[in-house]
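Asker: I'd like to ask some things about the structure below.
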Amino acid sequence: MLHIHCPYCRESRSEEEFAYGGEAHIQRPSRPAQTSEREWGDYLHFRKGTRGVHREMWFHVAGCRRYFNVVRDTVSYAILKTYAMGEEP
């Protein structure tokens, strides 16, 4: 089980209190009206699935109810860093 540090609550809690929100730092297309269906499909459905160090979004369901980012190694499951939304990793 992971122990995740919430940057807002400033406490480490059990993984059961959180929900995985997918890959972090995905950029929405800047010109939606000019974006092709293929580009929208790529934006909505395709992710890197990196083996190794990966940036993820998590949601603190049983705590502050806020999203934040996590840098995690997908091979060892080790959490390297957590940081608030809008901050640089």
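Asker: Given the structure, is residue 64 modelled with pLDDT of 95 or more, touching a Gly at 6+ places or on another chain (Cβ under 6 Å) and not aromatic (Phe, Trp, Tyr)?
Answerer: In short, no.
Asker: Tally up the residues in segment 8-47 that are at pLDDT 95 or above, assigned to a loop (DSSP other than H, G, I, E, B) and loosely packed, with under 13 Cβ neighbours inside 10 Å, please.
Answerer: 1
Asker: Moving on to the next point. So the check is Cβ under 7 Å with 6+ separation or different chains; which pairs have a first residue in segment 3-29 that's under 9 Å from residue 60 (Cα atoms) and a second one that's loosely packed, with under 14 Cβ neighbours inside 10 Å?
Answerer: 17/61; 17/62; 18/61; 19/61
The values are calculated or read from the model by the stated rules, or taken from the named source; none is laboratory data. Keep in mind that this is a model prediction, so the values were computed, not measured. Cβ atoms come from the backbone with ideal geometry, glycine included; neighbour counts cover every protein chain shown.
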